[in-house]
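Please find one structure pasted underneath; my questions will follow.
No value in this document is a laboratory result; all are computed from the given coordinates. Source: prediction; values computed, not measured. Backbone-built Cβ (ideal geometry, glycine too); neighbour counts: all protein chains shown.
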Amino acid sequence: MHSRTMRAIAIGLALGAVGLSACGSDDDTSSDTPEAETTEGATDDGTDDGEAAAGDGCAPEDITLIGQVRNETNPYEKAWLDGGDTFAESVGLTQKRLTYGGDSQKQQDQIRQELSSGNTECFVLNVLPNGDADTAPIVAATDDAGAFLVTQWNKPADLSPQDYDRWVSHITYDGVDSGSQIAVAMFDAMGGSGGIVALQGILDTGAAKDRYAGLEQALADNPDITLLDQQTANFSRAEALTVMKTLITKHGDEIKGVWTANDDMALGAIEALEAAGMEGVAVVGIDAVPEAVEAVNGGTMTATVSSDGPWQGGIGLAIGYCAAIGEIDVAGLPAINRAFYADQTLITGDNAADYLTPTVDPAEFACDRVFDRASAALS
């Protein structure tokens, strides 16, 4: 296990060094707005009592809860933080909402600032790393500080929570499966043949890589579908709108389907199609943000996949909280609870009405239920 000696020096080195080299890809419309650096909802963190004694667990009132995503202009990530608030309220605390605007350096700086003072051994962080390369320094810094960490979506394959004391869990979803599911739904809507274009996400993320691999897998199984073009739009609605206009100019009516790696890009693509007067094009995405679910229910979008953003925002904090108060023995957790795929659901016109009003059940955040949605361990 990794030592937490010389804590302040280790944190500074871990975050400072990687800040010079980590990828700083922008996401959505983040860097254009002041909200990209907000730290809303700060609360007292119980730092006057000193560090918790080893093995004693933290008093619930001494715990500081922190949720960090790229930005709140992305409805999925806003829903994530809202879910974190729901959990925090259920235990009488407040979540500190951090957004870093898709900028890796800002993400590292924010975490460094949070860990620079206070009773860090009673800090709980639920973090969306900007890219795979950003996860290692976040893990090292929080572990050195003694804080409890849950990460989601992005991490290198050779980095494991089981090698750390305080990195409790990593949660992700089977992107190959979701990428393939939405592709097959799109192919079915197209009648099994025709040309498609694809909009990829941030390329340095496991989610983007896996989802596109799922599309490639589905294409291999459906030889009558032709991939006309693929471009990255970085999970951004605004970028997708711009890229899709270019693809329409290039390919025109040959486009019968648009595969996108998230709903924000799907919604941007729909805007471009509508502006061009193109109807009947099958469009699919992932995340099940409310506007996308409404579009699926209304027939202007074909399918999406739900990873349940509000649940993600709550469950990451809940897992860390349960570890912090001593209800979860981190070292004793099985592999399926340290790094795992969580359940996800394909949403089409057949079931979209059931997902129009997403809800969070705080009962799922109870310490004896936090791993109920773990479907398989990461290999």
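Once both axes come from the Cα atoms, what is the angle between helix 263-275 and the longest principal axis of the chain, in degrees from 0 to 90, rounded to 10?
With rounding to tens, the tilt is 30 degrees.
Still on this structure, please answer the following. Quick one: among 268, 175, 57, which has the greatest mean-square fluctuation in a GNM of the chain with alpha-carbon springs under 10 angstrom?
57
Any lysines with Cα under 29 Å of the residue 250 Cα? List them, leaving off those in the same chain fewer than 8 positions away.
209
Take every DSSP beta bridge whose two residues both sit in the chain, then give the antiparallel share in percent to the nearest 5.
20
By how many degrees, 0 to 90 and rounded to 10, does the Cα axis of helix 206-220 deviate from the longest principal axis of the chain?
30
Determine, for 143, 82, the number of other Cβ atoms within 10 Å of each Cβ, and report the residues in order from fewest to most. All intermediate terms of the calculation are to be shown ahead of the outcome.
Values: 143 25, 82 20.
Least crowded to most crowded, the residues run 82, 143.
Out of (1) 21.0; (2) 22.0; (3) 22.7, which label holds the value of Kirkwood radius over Cα pairs in Å that was computed here?
Structure-derived value, by its label: (1).
Could you check which residue among 93, 333, 81 shows the biggest mean-square fluctuation in a GNM of the chain with a 10 Å Cα cutoff?
333
Using Cα-Cα distances under 8 Å and only pairs 6 or more residues apart, what relative contact order does the range 175-306 have, in percent?
Values: 277 pairs, mean separation 37.0, N = 132.
Reported relative contact order: 28 percent.
Compute, for the chain, the length of the dipole vector about the Cα centre, with Cβ point charges of +1 (Lys, Arg) and -1 (Asp, Glu) only. Units Debye, rounded to 20. Let's see the in-between values first.
Values: 19 positive and 61 negative charges, 158 e Å.
Dipole of the chain, to the nearest 20 debye: 760 debye.
Against the longest alpha carbon principal axis of the chain, how many degrees, from 0 to 90 and to the nearest 10, is the axis of helix 309-324 turned?
Helix 309-324 and the main axis of the chain meet at about 20 degrees.
Would you mind calculating the gained length between residue 229 and residue 361 on full extension (0.36 nm times residue separation, minus the Cα-Cα distance), in nm to one decimal?
Working: separation 132, 0.36 × 132 = 47.52 nm, distance 4.14 nm.
Length gained, residue 229 through residue 361: 43.4 nm.
In addition: Residue 336 to residue 351: extension gain in nm, 0.36 nm per residue of separation minus the Cα-Cα distance?
Working: separation 15, 0.36 × 15 = 5.40 nm, distance 2.94 nm.
Stretched out fully, the residue 336 to residue 351 stretch lengthens by 2.5 nm.
Normalised by the number of residues in the chain, what is the relative contact order in percent for Cα pairs under 8 Å and 6+ residues apart?
19
Out of 214, 173, 242, whose Cα points farthest toward the positive end of the dipole of the range 137-244 (charges: +1 Lys, Arg; -1 Asp, Glu; placed on Cβ)?
Checked the options; the winner is 242.
Between residue 368 and residue 343, what is the label-point separation in nm under the 7 Å Cα-to-beta-carbon projection?
1.9
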